[in-house]
Amino acid sequence: MVYIAINLLILKEMKNIKFLILGILFGIILSKAEIISWYRIYEMFKFQSFHMYGVIGSAVLTGMIVFYFFNKGLIKSYIGEQIIIAPKKKGFYRNIFGGIIFGLGWALAGACPGPMFILLGRGVATIAIVLFGGLIGTTLYHMLKSKLPH
Amino acid sequence: MNFIFEPWAWYVAGPMITLVMFFLFYFGKKFGVSSNLETLCAIGGAGKLSDFFNFDWRKNTWNLLFILGTIIGGFVAFQFLTIDASVDLNPQTVQDLADLGFQNAGAQYLPNEIFSIDTMLTLKGFVILIVAGILVGFGSRYAGGCTSGHAIVGLSNFELPSLISVIGFFIGGLIMTWFILPLIF
């Protein structure tokens, strides 16, 4: 019975294996391009290197082309459906204040959430403290959100 | 094949990030890393603190597998695809950091002055790590996205909220880098 249950579970998750592979690729890209380096983030905010601007800029430019094809329906999803990019939540205060708070943390940690997980794989034990802080921050936001301007 | 072992240029990394994003949308999902923090909170029992976390986290298994992949990717890149793990910084950056007391900036990916175990075991070092994480977690949920969801997906899709958020990211980042880091180091 247990054997069958485990096999059913693996079968159920098989369709999700592609996301594990995409994650591995993402981790390698961000490692090899040094995006996970604290120094690269510092350098960016000091305007002393084009590297990070080039990475984000070229991702956004190529992303615009991809989304054009998605939004026009020229590229459909793997099951032939229209690909819908969920709109972001509107509200000036949420975006500017949330953005500023995030930016303070990004420049201090030298890492946004993706690189935090990647650094964990790199064997940087202390990044676990930062990630734990991230969980505290996430929980705090949801506890306090009714009192915040959005 | 040697180029794989060298640091990758921005014009390689940027389009490849878009390729990953393309496949996530193609497979009917989205590209957003910080929402995994919510999922992990839900698994960890944060539902006791906020009803928000009482959602069925199993629907986000695909995204947890994605971040599990990033952890594996970080391991693979470090162990097998990197020969020289130094970062070729602008000499001015190295000098600026030396003035703050950061030694050998760029010799590794991360400064020991923040990420070494010895630093973590000091009160100041621990507070820096945990506060940095709290700011990132709180800010990304308040703004509704981080670098992936806002700076890349949002800007690519001409979203005004994302433009405002990214401007916020830079205001916060510039304040930290130019004014707060010199105060704490």
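Points worth noting:
- Taking N as its residue count, the alpha carbon Rg of region B:48-101 over 2.2 N^0.38 Å: 1.99
- Among the protein heavy atoms, those of A:Glu34 account for about 10 Å² of accessible surface (1.4 Å probe, every chain in place).
- Remark on B:Val33: its backbone amide H falls under 5 Å from those of B:Cys146, B:Ser148, B:Gly149, a criterion applied only to residues 5 or more positions apart or on other chains, H modelled at 1.01 Å from N.
- Within chain B, helices built from complete DSSP H runs that reach 27 Å or longer along their own axis (Cα positions) and carry a mean Kyte-Doolittle hydropathy of 1.0 or higher are B:61-80, B:123-143.
- Per residue, the accessible area of region A:1-58 comes to 45 Å², computed with a 1.4 Å probe over protein heavy atoms only.
- At least 20 Å along the helix axis (C-alpha) and Kyte average at least 0.5, DSSP helices within chain A: A:17-32, A:51-71, A:92-109, A:127-144
- Counting only other chain Cβ atoms within 10 Å of each residue's Cβ, the peptide B:105-112 averages 5.
- Accessible area buried at the A-B interface, both sides summed, 1.4 Å probe (Å², nearest 100): 10600 Å²
- Our helix-only sum for the protein assembly as shown, with -39,500 (n - 2.57) per DSSP H run of n ≥ 4 divided by its residues, gives a mean residue ellipticity at 222 nm of -20000 deg cm²/dmol.
- Charge-dipole axis of region B:44-125 as Lys and Arg at +1 and Asp and Glu at -1 on Cβ define it, positive-most pick from B:Ser116, B:Ala85, B:Trp62: B:Trp62
- Placing pseudo-labels 7 Å out from each Cα toward the beta carbon at A:Ile79 and B:Gln103 gives an inter-label distance of 5.8 nm.
- Cross-link pairs exceeding 22 Å in C-alpha to C-alpha distance, out of A:Lys147/B:Lys124; A:Lys18/B:Lys59; A:Lys145/B:Lys48; A:Lys46/A:Lys90; A:Lys18/A:Lys72; A:Lys72/B:Lys29, comprise A:Lys147/B:Lys124; A:Lys46/A:Lys90; A:Lys18/A:Lys72.
- In whole angstrom, the protein assembly as shown maps to an equivalent ellipsoid with semi-axes of 29, 23, 22, each derived as √(5λ) from the alpha carbon gyration tensor and ordered largest first.
- Between A:Tyr93 and B:Lys124, the simple spin-label model (points 7 angstrom out along Cα→Cβ) gives 3.6 nm.
- Share of carbon and sulfur in the accessible heavy-atom surface of region B:1-86 [1.4 Å probe, %]: 66 percent
- Among the residues of B:31-37, the average count of other protein chain beta-carbon atoms within 10 Å of the residue beta-carbon is 6.
- Solvent-accessible area per residue, Å², over chain B with all protein chains present [probe radius 1.4 Å]: 46 Å²
- Residue-level accessible surface for B:Cys146, protein heavy atoms, 1.4 Å, Å²: 0 Å²
- Treating r as the C-beta distance of A:Ile4 and B:Asn112 and R0 as 56 Å, the FRET efficiency rounds to 0.65.
- In order along region B:145-150, the phi-based Karplus estimate (6.51 cos²θ - 1.76 cosθ + 1.60, θ = phi - 60°) of 3J(HN,Hα) comes to x, 10, 5, 5, x, 8 Hz; Gly and Pro are listed as x.
- Dipole moment magnitude, nearest 20 debye, region A:37-90 about Cα centre, only Lys, Arg, Asp, Glu C-beta charged: 220 debye
- The modelled label-to-label distance for the pair A:Met64/A:Lys15, using points 7 Å beyond Cα in the direction of Cβ, is 3.6 nm.
- Each Lys and Arg Cβ is given +1 and each Asp and Glu Cβ -1; about its Cα centre, the protein assembly as shown then shows a dipole of about 1260 debye.
- Assigned charges on the beta-carbon of Lys, Arg, Asp, Glu; chain B dipole about Cα centre (debye): 700 debye
- Computed P(r) (all Cα pairs; region A:89-150; 10 Å bins; percent): 20, 46, 26, 7
- Residue mean of other protein chain beta carbons inside 10 Å, A:9-16: 2
The values are calculated or read from the model by the stated rules, or taken from the named source; none is laboratory data. Since we're looking at a predicted model, the values are computed, not measured. Methodologically, a virtual Cβ is constructed for each residue, glycine included, from the backbone with ideal geometry; neighbour enumeration extends over all protein chains shown. These area figures cover heavy atoms from the full protein model, side chains too; ligands, DNA and RNA do not enter into them. Shrake-Rupley method; radii C 1.70, N 1.55, O 1.52, S 1.80 Å.
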